[in-house]
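The next block holds one structure in the form of structure tokens; read it before the comments.
What follows is calculated from the coordinates using simple rules that are stated; it is not laboratory data. All of these numbers come straight from a predicted model, not from anything done at the bench. No Cβ is skipped: glycine too gets one built from the backbone with ideal geometry, and neighbour counts run over all protein chains shown.
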Amino acid sequence: MKRSWRILFILAVMLLIQSKPGELTENSRRGVESAVDVENPVDVLHYEVHLLLDPAEKMIFGKANLSIRSKQTSDFFYLHLQGLTVDSLWSDHGDLVYQRMEEQLIIHTLQPLQQDSLFRVIIHYHGNPRNDGFGGFFWGDGIVYTVGEGIRSDPPSMLRYWVPSHDEPFDKAALDIHITVPQAMQAYSNGELIRTVRDSGAKTATFHYREQHPIAPYLIAITAGHFQVLEDSYVSRSGRNIPIQFIVSPASVDKAQVDWRNTAEMMRFFESRFGAYPFDRYGMIEVPMRGAMEHQTLTSMSAALLTGTGVFETIVAHELAHQWWGNWVTLSDWRDLWLNEGFATYSEALYQEGLGGLDSLRRVMSSFATEYFIEAGRLGAFPVYDPVYGWGATVYEKGAWILHMLRFMVGDDVFWRILASYGTRHAYGNASSQDFIGVAEEASGQPLQWFFQQWLYGAGVPDLLISWDSAQSSADSVTITLNVTQRQLQQVFRMPFEVQVETDAALFADTLWLQSKEDRFEFTVAGKPLRMNIDPDEWLLNRAAIISSPVPGDLRSGELDLTQSFPNPFRPEEHAATQLVVQIPDYQAPMVVNLRIYNLRGQEIVTLAHKSMTAGLHSFYWDGHDQAGSPVASGIYLLRVQAGGKVVTKKMTIIY
């Protein structure tokens, strides 16, 4: 313990008789400011919270009973509390002296805490709890709710707005919470409902919930209001029956039955990828918030996400995936936010891959890339780790791309082994980016620091300028020369990337490695080269422009154009997909491109692209299914690309 703290303690005791019991006076504040920068020497093991909600007065009255372990010998510790009044503070360790300092209660013990000693602190408090516009405590029309993350606060932990707590993501604890509300209301929280006690005299109801699994403070939440509950269940691969609840307003019952109907199937899919569902139950509850928040075992979902159309099903998947990535394994530090959000975002793509195969995976990852490029164009490129802005596409979508590229590098079997090892090693605990990297290196047997250094800790993406040409090397083969220049201003990337060369005789494919600012490759292919595709399966987050010939013979030089699809006629029973290539001219790039397929009545069948695209040639594939995933009928279809005020249309035929 620092000498300054001993002096402060002596001053506090001398002045105690002149001050309000339990508080430090103004004269004893010298040196207290440094407490906010000192490591907290305690670990909260259990929260027992009693909360009385008074919606009419918008007041809460609380009692927080904290079971705490001292991690080291110390004569002080602190808790977080924002904007509420402390009525009393007691400990079974002995008398305490405390000081309010911004969002903290700095607490001094009259008898030093010994390392690994266990003690309890009980705090009575009350007030009108606040929020930051997104996270915190909210009073609505007939509803009271909390959101555990505040996107306008740094740090974003929001439990401090309504419970005295060690409000850090790394300090997970067990939870018992008793919520007392007017008797007409229902209350919900994390874990299992243990009992409900109704007091007819006081006209209240008290709901006791218990979360026995360790929970990070920001994942603790309550909601109280007037709801209907839809019940479902799922038999986990662990053999346990997992109750599933959809808790919604009476007006949203029909919508929830449509929008959330696939939750159990999503759980089954994620179990096949991540391991058994890690908690005792799962639910979603409708609240008038923006977006959604993955509170442990009970996700809060915006009322605006309930439409009855299933259009926001990816958000349902995202929040469910957080129960593994964020709740089962929780970030150690908010700088590691991608371990929560990048993982959950990639889980969206994995679920779509499970539904529609690799074509669906490609489409989702392409949309993620577009979202990232839009944000990078607006905010600039910055690292995923310790991001300039945590709640956007750099952390979410680029974070997902990091996992996607890692999967390509190590292969599927190793990638799933990495996720399984990461989960089991840090189950119900916390992890850092370095923890994940260590697991990835161990499971793959490869050094991977270089990979994460450029993608996680560095900024930007490869911006590739690609030129290629061919020379006849024999009567039936040619030598392809490929030059790749990295044009980005940030780091030079080292990465594998796929190349396809289509000739009139065959399709040549290979994986090459970017190594330096300028790379040159040579390889021999059979037949006459028709077109080259860079990263055709979209495993590398990059911008690319192909600037030299040969180009597909039916493309007009320097214009927005579209090739005839190949093969044509397309026979789905024989071919996996038909390919078409869009040419984006340099003088207008980048530009927003719409690539759609219509029937002869002008009805849209499927959208293959709606995104910003760079100059060059871009390949797309269609498997003969419509937007809903159903096979289309035999017949003639129109391929239409629209960009920069121009439209190009081609015809194709499907035959079964």
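If you keep only loop residues by DSSP, which GluC sites (Glu not before Pro) in region 481-575 have at most 13 other Cβ atoms within 10 Å of their Cβ?
Working: sites: 498, 502, 518, 522, 538, 559, 573, 574; in loops: 538, 559, 573, 574.
Listed in order of number, the matching sites are 559, 573, 574.
Counting other beta carbons within 10 Å of each residue's own, what order do 118, 595 fall into, fewest first? Let's see the in-between values first.
Details: 118 12, 595 23.
Fewest to most other Cβ atoms nearby, the residues stand as 118, 595.
From the phi angles alone, apply the Karplus equation (6.51, -1.76, 1.60; θ = phi - 60°) to region 371-381 and give each ³J(HN,Hα) in whole Hz, x where the residue is Gly or Pro.
4, 5, 5, 5, 5, 4, x, 8, 9, x, 8
Could you work out the relative contact order of region 168-281, using alpha carbon pairs under 8 angstrom and six or more residues apart, expressed as a whole percent? It would help to have the intermediate numbers written out before the result.
Values: 187 pairs, mean separation 27.0, N = 114.
So the answer I get is 24 percent.
If you take semi-axes √(5λ) of the Cα gyration tensor in Å from the coordinates, which of (1) 46, 35, 19; (2) 50, 24, 24; (3) 55, 29, 20 do you get?
Of the listed options (1) 46, 35, 19; (2) 50, 24, 24; (3) 55, 29, 20, (3) comes from this structure.
Simple spin-label model, 7 Å along Cα-to-Cβ: residue 627 to residue 124 in nm?
Between residue 627 and residue 124, the label points sit 6.1 nm apart.
Setting aside same-chain residues fewer than 8 positions from residue 528, which aspartates and glutamates have a Cα under 16 Å from its Cα?
List returned: 469, 476, 502, 504, 554.
Could you give the size of the charge dipole of region 93-146 about its Cα centre, using +1 on the Cβ of each K and R and -1 on the Cβ of each D and E, expressed in debye and rounded to the nearest 20?
Working: 3 positive and 6 negative charges, 25 e Å.
Approximately 120 debye in magnitude.
Run the Debye formula on the Cα coordinates of region 510-631, all scatterers equal and no solvent, and tell me log10 I(q)/I(0) at q = 0.12 1/Å.
-0.54
Quick check on the chain: of the DSSP beta bridges with both residues there, what percent are antiparallel, nearest 5%?
Details: 145 of 171 bridges.
Taking every DSSP beta bridge with both residues in the chain, the antiparallel ones total about 85 percent.
Which one of 288, 598, 429 is farthest out on the positive end of the charge dipole of the chain, using unit charges on Cβ (Lys, Arg +1; Asp, Glu -1) and the Cα centre as origin?
So the residue we want is 288.
Which GluC sites (Glu not before Pro) in region 46-129 sit in a loop by DSSP (not H, G, I, E or B) and have at most 11 other Cβ atoms within 10 Å of their own Cβ? Display every interim value, and only then the final one.
Values: sites: 48, 57, 102, 103; in loops: 57, 102, 103.
Of the GluC sites (Glu not before Pro), the ones in loops of region 46-129 whose Cβ has at most 11 other Cβ atoms within 10 Å are 57, 102.
Among the listed pairs 398/517; 203/255; 611/651; 398/646; 398/651, which have their C-alpha atoms separated by more than 25 angstrom in this model?
Working: 398/517 22 Å; 203/255 32 Å; 611/651 22 Å; 398/646 31 Å; 398/651 36 Å.
Those over the limit are 203/255; 398/646; 398/651.
Taking H as built 1.01 Å from N, whose amide H comes closer than 5 Å to the amide H of residue 222, not counting residues under 5 places away?
Amide H neighbours of residue 222, under 5 Å, 5+ apart: 146.
Going toward the positive end of the dipole of the chain, with +1 on Lys and Arg Cβ and -1 on Asp and Glu Cβ, which of 402, 244, 343 do you reach last?
244
Which value, in debye to the nearest 20, describes the size of the charge dipole of the chain about its Cα centre when Lys and Arg Cβ atoms bear +1, Asp and Glu Cβ atoms bear -1, and nothing else is charged? If you can, show how the numbers build up before the last one.
Working: 52 positive and 75 negative charges, 139 e Å.
Once rounded to the nearest 20, the dipole reads 660 debye.
Relative contact order for region 228-324: what is it in percent, counting Cα pairs under 8 Å that are at least 6 residues apart? Working shown, then result.
Working: 158 pairs, mean separation 26.9, N = 97.
It comes to 28 percent, rounded to a whole number.
Considering the dipole of region 541-656 built from charges on the beta carbon (Lys and Arg +1, Asp and Glu -1) around the Cα centre, which of 569, 647, 616 is farthest to its positive end?
Of the candidates, 647 comes out farthest on the positive side.
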